[in-house]
Amino acid sequence: MGYSTGRIIRSRDGIFAGVCQGIAQHFGISANLVRLFWLLAVIFMGTGILVYLVMWWIIPHQDAVPADPVIWKQNGNGRHLPPLQRTAQDRKFLGVCGGISRRWDLDPSVVRLVALSLATLSFGLMAVAYLVVALFMPGPEYNAPRQPVYPIDL
């Protein structure tokens, strides 16, 4: 198996790109059950292939889970709280979804999937809102090269 990062990751043990296997490992269910639901989505709704391709793009591979090499300041409770800013490490487009998920400790894949769904359902209004947020949300304070950071098993 793999390690647990608290987020959905694509598995290297998957049949095609590891999406179904990674989702199954995250939720603790059979990968064949996830594949069956995907097949039903392809046959009955016609959206399964598009959803799979989007998930392939959104969900990071098990060997390349990005992580920010930053130590954040403590807030009043003594908790380390990351700032609300676009991220350079865990980004797919402009780093907005990665920054939001990092700030509130959410799975970036889920935040991206919700943003893409809302962009589709709102006929592009969410995409415009995303660009506005990207203009006003500060960028990263450092110019680190964008490369995968491999987690360390202790």
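We did not get these values from a lab; they are worked out from the coordinates using the rules stated. These numbers were taken from a predicted model, which means no experiment stands behind them. Methodologically, a virtual Cβ is constructed for each residue, glycine included, from the backbone with ideal geometry; neighbour enumeration extends over all protein chains shown.
Annotations
- For region 124-137, backbone phi angles converted through the Karplus equation (6.51, -1.76, 1.60; θ = phi - 60°) give residue-by-residue couplings of x, 5, 5, 5, 5, 4, 4, 5, 5, 4, 5, 5, 9, 7 Hz, Gly and Pro being listed as x.
- Placed amide H near H61: partners under 5 Å, 5+ positions off or other chain: R10
- Mean Cβ count within 10 Å, highest first, over the residues of peptides 19-28, 93-102: 93-102, 19-28
- Net charge in the neighbourhood of I23 (other residues with Cβ under 13 Å of its Cβ; Lys, Arg +1, Asp, Glu -1) is +1.
- Computed from label points 7 Å out along Cα-Cβ, the spacing between L131 and D107 is 3.0 nm.
- Rounded to 0.05, the FRET efficiency of the N32 and K92 pair, given R0 = 25 Å and the Cβ-Cβ distance, is 0.30.
- Taking a Cβ cut-off of under 13 Å around Y52, the surrounding Lys, Arg, Asp and Glu residues balance to a net charge of +2, with basic ones at +1 and acidic ones at -1.
- The 3J(HN,Hα) values that the Karplus relation (6.51, -1.76, 1.60; θ = phi - 60°) gives for region 22-30 are, in residue order, x, 5, 5, 5, 5, 8, x, 10, 6 Hz. Gly and Pro appear as x.
- Each other residue within a Cβ distance under 12 Å of Y130 adds +1 if Lys or Arg and -1 if Asp or Glu, for a net charge of +3.
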